[in-house]
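A.B. asks: Here's a structure for you.
The values are calculated or read from the model by the stated rules, or taken from the named source; none is laboratory data. Computed from a prediction, not measured in an experiment: that's the story for all the values here. All Cβ positions, glycine included, derive from the backbone under ideal geometry; neighbour counts span all protein chains shown.
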Amino acid sequence: MKLGAQFFTLRDFCKTPDELAESLKKVADIGYTSVQISGTCAYEPEWLAAELKKNGLTCDLTHVPLSSFTDDPAKTAADHKIFGCKYIGLGMGPNGISTDPDLDKMVEIVKGAAPAFKQAGALFMYHNHAGEFAKCSNGNYRLWELACRTEPEELGFTLDSFWVQHGGADLIETYKLFKGRMPCVHFKDYTMANINEVRMAPVGRGNLNFEKLVAVCEDGGTEFIFVEQDNCYGEDPFKCLAESYAYLRSLGLN
């Protein structure tokens, strides 16, 4: 499995192409060789391809707006092909798929975009938050129901460790459940700032069992582990990414 940095962590340092270029260099200097582009300024696919090559990086996952899947999915897939990205992600579905109509809409979106993606050799990826762990009338988590109503060649899942935990699901068992459908995952730690406040943390600093989770991901066919920390609570996000990288390297990842 390959380690990557999720650029949503660095969004405040990627508001212009020059800032994005500098952030790519800094992430490469930490040691990451893969990135997920998300939450950054607009960019031309050819520009990104050149900047990735310059820094010895690959972009293996993105998060793009919902309109990228509904308006012209063939163009979205073609643009990603320019910078060599197979996995095209949606950061959150309608209303976090917290109701049954949201789920119906998300299935419709996947079915509409998947044929163009498949033809281009790409895969639609869905990233969870906590709302997808509300239950349907049949007792399934809505996230799992989304998996049941789509095919593996239509949709993959970027399971997020913090949000699985925050959604009240069993972290390890949930990752096991999605075996074969999670080529990319997000690692962020979960910690208590005080009795009333849960916080995100660099991987290895919080309470989640990443040693066990790494083994489950490896068994589940995961190719890329992207480190993400939506909120660094005033800490330097580059240092947070470096801390996570060092910890995951200590577990044998690279």
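A.B. asks: Given the residues Gly4, Gly39, Gly89, which is the only one that is on the phi > 0 side of the Ramachandran plot and either over 14 Å from the mean Cα position of the chain (by Cα) or not in a helix (DSSP H, G or I) (or both)?
C.D. replies: Criteria check complete, one pass: Gly39.
A.B. asks: Return the residue satisfying two criteria in turn: it lies in the range 148-202 and is of a type in the set (Val, Ile, Thr) and either in a loop (DSSP other than H, G, I, E, B) or under 18 Å from the mean Cα position of the chain (by Cα) (or both), and of such residues it is modelled with the lowest pLDDT.
C.D. replies: Ile195
A.B. asks: Still on this model: For the range 111-118, does any single residue satisfy the condition of being surrounded by fewer than 18 Cβ atoms within 10 Å (Cβ to Cβ), under 20 Å from Asp60 (Cα atoms) and either within 17 Å of the chain's Cα centre (by Cα) or of a type in the set (S, T, N, Q) (or both)?
C.D. replies: The answer is no, given that none of the residues of the range 111-118 is surrounded by fewer than 18 Cβ atoms within 10 Å (Cβ to Cβ), under 20 Å from Asp60 (Cα atoms) and either within 17 Å of the chain's Cα centre (by Cα) or of a type in the set (S, T, N, Q) (or both).
A.B. asks: Are any residues in the range 47-62 in contact with a Leu (Cβ under 7 Å, 6 or more places away or on another chain) and in a strand (DSSP E or B), and if so, which ones?
C.D. replies: Scanning the range 47-62 gives Thr58, Cys59.
A.B. asks: Which numbered condition in (1) farther than 18 Å from Ser34 by Cα; (2) outside any loop (DSSP other than H, G, I, E, B) is the only one that Gly206 fails?
C.D. replies: Every condition holds for Gly206 apart from (2).
A.B. asks: Is one or more of the residues making up the range 192-209 on the phi > 0 side of the Ramachandran plot, touching a Gly at 6+ places or on another chain (Cβ under 6 Å), free of Cβ contacts under 8 Å to residues at least 60 places away in the same chain and not hydroxyl-bearing (Ser, Thr, Tyr)?
C.D. replies: Filtering the range 192-209 down to residues on the phi > 0 side of the Ramachandran plot leaves 204.
From what is left, the residues that are touching a Gly at 6+ places or on another chain (Cβ under 6 Å) are none.
No, there is no match, as no residue in the range 192-209 is on the phi > 0 side of the Ramachandran plot, touching a Gly at 6+ places or on another chain (Cβ under 6 Å), free of Cβ contacts under 8 Å to residues at least 60 places away in the same chain and not hydroxyl-bearing (Ser, Thr, Tyr).
A.B. asks: What pairs can you find where one residue is in the range 236-254 and under 17 Å from Asp12 (Cα atoms), the other is among the aromatic types (Phe, Trp, Tyr) and surrounded by fewer than 18 Cβ atoms within 10 Å (Cβ to Cβ), and their Cβ atoms are less than 9 Å apart, with a gap of 6+ or different chains?
C.D. replies: Pro237/Phe13; Phe238/Phe13
A.B. asks: Now a separate question. Restricting to the range 127-147, what's the tally of residues that are among the small types (Gly, Ala, Ser) and in a loop (DSSP other than H, G, I, E, B)?
C.D. replies: Residues in the range 127-147 being among the small types (Gly, Ala, Ser) and in a loop (DSSP other than H, G, I, E, B): 4 in total.
A.B. asks: Test Leu159 against the criterion of being touching a Ser or Thr at 6+ places or on another chain (Cβ under 9 Å) and either crowded, with 21+ Cβ neighbours inside 10 Å or closer than 22 Å to Val35 by Cβ (or both), and give yes or no.
C.D. replies: Answer is yes for this residue.
A.B. asks: Go through Asp189, Asp219 for me and flag whichever is closer than 25 Å to Pro152 by Cβ, without any contact (Cβ under 8 Å) to a residue 60 or more places away in the chain and not basic (Lys, Arg).
C.D. replies: Asp219
A.B. asks: Then there's this: Residue check, Ser68 against (1) touching a helix residue (DSSP H, G or I) at 6+ places or on another chain (Cβ under 6 Å); (2) not in a helix (DSSP H, G or I), all met but one. Which one?
C.D. replies: In the conditions (1) touching a helix residue (DSSP H, G or I) at 6+ places or on another chain (Cβ under 6 Å); (2) not in a helix (DSSP H, G or I), Ser68 misses (2) alone.
A.B. asks: Take the range 119-146 and flag every residue that is surrounded by 21 or more Cβ atoms within 10 Å (Cβ to Cβ) and small (Gly, Ala, Ser).
C.D. replies: Ala122
A.B. asks: So, in the range 94-122, of the ones that are at pLDDT 95 or above and outside any helix (DSSP H, G or I), which residue ends up nearest to Gly168 (Cα to Cα)?
C.D. replies: Among residues in the range 94-122 that are at pLDDT 95 or above and outside any helix (DSSP H, G or I), the one nearest to Gly168 (Cα to Cα) is Ala122.
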